[in-house]
Amino acid sequence: MLIRFGFEIEIQCTDPLPMLLALSTHTELEGRLIGLDFVRTSEDGNAWTYVDRFGNRFTRLLAQGGSTNLWSDCVVELDGAPDPQVPSAQQHSIAELPNDILTFLMPSRYCDSDNLVKDAWALFEHTPEGWFRVQAITQFVHDHLTFGYQFGRSNKTASEVFREKTGVCRDFAHLSIALCRAMNIPARYASGYLGDIGVPHSGPGDFCAWFEVYLGGRWHTFDARYNTPRVGRILMVRGADAGDVAMITSFGNSQLKFFKVWANQLEDGLEDTELLEMLNTRPEGEALVFPSSARQA
């Protein structure tokens, strides 16, 4: 399966502004890309890239003031299969967990699992351990929360999401992660592209957040917002929570003026030359308009 994906973003600032951009695909997708996936910018010579400890590719940018345009456009080849379902995946005892997994049991900036231990055990103590417990948590969060951009804010924690019962996709992920950690299940945050492939059109494109849990010796994908296996996830970033991988971190005042994201399936059989020629044309699609209160990185 071939998917064309990318974004256009315009940011406005009054003074020179250092920024960190988590807007590139994860290093594990190397070898699957046709074209170049990097943050193009109107600030020529003021951007450079590094890879963090989670394998995420960040772009450092020094915006000079005024309007700064950011964009990317690329094609990825995926297997076209929905998120794998492994009901036999077992939960590990803490003593069995590899050292590098233990960090994903701990409370983090937005996944304050220590504040949800009592609630988590009251809700899920009698569910079977492993896959079915995570599935129960996913179903609960899906049913418990109402989605809406007007409910998003940059400092919202999982326990606040639990109480307020509202949020954007990152809030669905944060609450799921926190409940899993409270039940001694390692869980981490993930974000990327997820187009409307195999499902009805849902409106203008956006980035999407989901979560991953460690069961049976490997990581598995779950998504509390949609609560169904999906096709065509394009991973950008992973971390303990969104604090590790904010889409845009600006060290000063800025405004998001324009935001458009696409992830569209292409027809089979296209040659690389045809794909590269396609990437020279502007993709069609709607820009996503956020309520002013929900504009956040």
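The values are calculated or read from the model by the stated rules, or taken from the named source; none is laboratory data. Since we're looking at a predicted model, the values are computed, not measured. With ideal geometry, Cβ positions are generated from the backbone for all residues, glycine too; neighbour counts draw on all protein chains shown. The accessibility values were calculated without ligands, DNA or RNA, using every heavy atom of the protein model including side chains. Shrake-Rupley method; radii C 1.70, N 1.55, O 1.52, S 1.80 Å.
For the reader, a short list of remarks on this structure follows.
- Phi-derived couplings, Karplus 6.51 cos²θ - 1.76 cosθ + 1.60 at θ = phi - 60°, listed residue by residue for segment 81-87: 8, x, 3, x, 10, 10, x Hz, with x used for Gly and Pro.
- Were the residues from Leu102 through Ala122 laid out at 0.36 nm apart, the gain over their Cα-Cα distance would be 4.8 nm.
- For segment 201-269, the relative contact order comes to 33 percent (Cα pairs under 8 Å, sequence separation of at least 6).
- Phe104 sits with roughly 10 Å² accessible to a 1.4 Å probe, with DNA, RNA and ligands left out of the calculation.
- Electrostatic tally near Asp52: other residues with Cβ closer than 12 Å to its Cβ, Lys and Arg +1, Asp and Glu -1, net +3.
- DSSP beta bridges in the chain [antiparallel fraction, %, rounded to 5]: 95
- Here's the picture: a label point sits 7 Å out from the Cα of Leu276 along the beta-carbon direction, and within segment 56-87 the residues with their amide nitrogen under 15 Å of it are 74-75.
- Dipole axis of the chain (+1 Lys, Arg; -1 Asp, Glu on Cβ), positive-most option in Cys74, Gly269, Ala190: Ala190
- The string of couplings for segment 271-281 from the Karplus curve (6.51, -1.76, 1.60, θ = phi - 60°) is 7, 4, 5, 5, 5, 5, 5, 4, 5, 8, 10 Hz, one whole number per residue in order, with x for Gly and Pro.
- Converting phi to 3J(HN,Hα) with the Karplus coefficients 6.51, -1.76 and 1.60 and the offset θ = phi - 60°, segment 252-261 yields x, 7, 8, 10, 7, 9, 8, 8, 9, 10 Hz in sequence order, with x at every glycine or proline.
- Low-density loop positions, GluC sites (Glu not before Pro), segment 216-286 - DSSP coil, at most 12 other Cβ in 10 Å: Glu267, Glu271, Glu284, Glu286
- Length-normalised contact order for segment 1-115 - Cα pairs under 8 Å, 6+ apart - percent: 35
- Shape parameters for segment 78-126, alpha-carbon atoms, Rg then Dmax in Å: 14.9, 41
- Principal axes of segment 64-221: Cα extent on each, largest first, Å: 51, 37, 35
- Cut-off under 5 Å, modelled amide H: who pairs with Ala89 long-range: Trp131
- Largest to smallest accessible area among Asp15, Asp73 [probe 1.4 Å]: Asp15, Asp73
- Debye intensity ratio in log₁₀ form over the Cα atoms of segment 191-258, taken at each q of 0.14, 0.28 Å⁻¹: -0.55, -1.39
- Size descriptors for segment 174-293 (Cα atoms only): Rg and Dmax, in that order, 17.2, 50 Å.
- Computed with the Debye formula from one identical point scatterer per Cα of segment 17-119, without solvent, the log10 of I(q)/I(0) at q = 0.22 Å⁻¹ comes to -1.17.
- Charge dipole magnitude, Cβ of K and R +1, D and E -1 - segment 1-90, Cα centre, debye nearest 20: 160
- The value of relative contact order for the chain, using C-alpha pairs under 8 Å at least six residues apart, is 28 percent.
- Amide H contacts under 5 Å for Thr49, placed H, 5+ residues apart: Arg60
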